[in-house]
1. I'd like the residue in the stretch 26-55 that is within 20 Å of residue 71 (Cα to Cα) and touching a residue at least 24 places away in the same chain (Cβ under 8 Å) and, out of all such residues, is surrounded by the most Cβ atoms within 10 Å (Cβ to Cβ).
2. I want to confirm something. Restricting to the stretch 216-249 and keeping residues that are at pLDDT below 95, under 21 Å from residue 283 (Cβ atoms) and among the hydrophobic types (A, V, I, L, M, F, W, C), which single residue is nearest to the chain's Cα centre (by Cα)?
3. Which residue is nearest to the chain's Cα centre (by Cα), if the candidates are limited to the stretch 258-310 and must be surrounded by fewer than 19 Cβ atoms within 10 Å (Cβ to Cβ) and hydroxyl-bearing (Ser, Thr, Tyr)?
4. Kindly check whether there is at least one residue in the stretch 202-214 that is touching a Pro at 6+ places or on another chain (Cβ under 9 Å) and either surrounded by fewer than 19 Cβ atoms within 10 Å (Cβ to Cβ) or outside the structural domain of residue 104 (by TED's automatic domain parsing) (or both).
5. From the list 190, 161, pick out the single residue that is assigned by TED's automatic domain parsing to the domain that holds residue 264 and either part of a loop (DSSP other than H, G, I, E, B) or surrounded by 17 or more Cβ atoms within 10 Å (Cβ to Cβ) (or both).
6. Scan the stretch 141-166 residue by residue and report those that are modelled with pLDDT under 95 and of a type in the set (Ser, Thr, Tyr).
7. Which of the residues that make up the stretch 105-150 are of a type outside the set (D, E, K, R), buried (at least 19 other Cβ atoms within 10 Å of the Cβ) and farther than 22 Å from residue 306 by Cβ?
Amino acid sequence: MARNTDNDRSRLDDAARAGWLYFIAGNSQDEIAKKMDISRQSAQRLVALATREKLVKFKLDHPIARCMELALRIKDRYGLDYCEVTLTDPSSDDPALGIAEVAAAEMEKYFKSDTPIVMALGTGREVRGAVDQVPKMYCPQHRVVSLIGSLAPDGSANINDPITVISDTIHAPRHPLAVPVIASSIAERDIICAQIPIRRNIDLAQSADIAFIGIGELNDTPPLLTDGFITWKELKSLQAAGGAGEILGRAFNDKGELISGETNDRITSVTLPQPANRPIIGVARGPDKLRAISAALAGRWVTGLITDEWTAEALLR
């Protein structure tokens, strides 16, 4: 019974989305089919369902309408190519709640392509949460590649590295970045990244068709510290230098500008173009990450954003 209820709710969500696109955004049924990755007949049925269930009146009588409006405003405000906004559960402190499912659905769209693609992935709880939601698929034509090192300072594997999980889920070749996240010195970083297999994976990641990344905070308990990648002293130094957030371990200020020196000089992760010149989707939400997300958007680190309603509203204020 619960499963049917969940299916019915999902169907109404799709109907609300189709109804909004048709009656409010003025899309044709062909355009709706393309944007929702469904057939034209399915789009037609969803629009009819939205009307029959009275989801559409003078305004869309469904909470997802507000999310779609916020997504459009975020795209316009920050010049993004893509944005999805989910509902917010104010009682939860799970950083991946809601946004992981949306990111997983977006990943699945790319994996459904018959044309071979390369998908690059960052690390973190949001991206790991997303790959955990991707359904089993058979996609040997695609490749997945890491954007950031997979080794913790003690030599153990990064528990939030998603490459192995997603590779096993979709049966695609994986290209990990089997290096420490932060080298002990600039010289060590240069030696590590010059190794031919590592260099090849870095080049592959830099030419990827799509990338999904987390956006990290630099408050007093950021994942970089709690997961053991930087020390308390290094964190305080980054904060003193104006650190607002980090992407792939690289710290930036409130304008999205990379901080000079500090741990940034020893990061082994793949260098992303700034501004982003290919699809790079940031996946992040919540009060702790608000400053970091705002800075990442200011620095044009991403071309797309998956976030929640509370965060979107705060970014627009």
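1. Let us first name the residues in the stretch 26-55 that are within 20 Å of residue 71 (Cα to Cα), namely 26-28, 31-37, 55.
Next, from what is left, pick out any that are touching a residue at least 24 places away in the same chain (Cβ under 8 Å): 37, 55.
On the way: 37: 12, 55: 22.
Among those residues, the one meeting the criterion is 55.
2. Filtering first and then ranking leaves 224.
3. Looking at the filtered set, the residue picked out is 271.
4. Scanning the stretch 202-214, I find at least one residue that is touching a Pro at 6+ places or on another chain (Cβ under 9 Å) and either surrounded by fewer than 19 Cβ atoms within 10 Å (Cβ to Cβ) or outside the structural domain of residue 104 (by TED's automatic domain parsing) (or both), so the answer is yes.
5. Values: 190 fails: either part of a loop (DSSP other than H, G, I, E, B) or surrounded by 17 or more Cβ atoms within 10 Å (Cβ to Cβ) (or both).
Unique residue meeting the criteria: 161.
6. The answer is 150, 156, 164.
7. 149, 150
The values are calculated or read from the model by the stated rules, or taken from the named source; none is laboratory data. The structure displayed is predicted, hence computed values, not measured ones. So basically every Cβ, Gly included, is an ideal-geometry build from the backbone, and we count neighbours across all protein chains shown.
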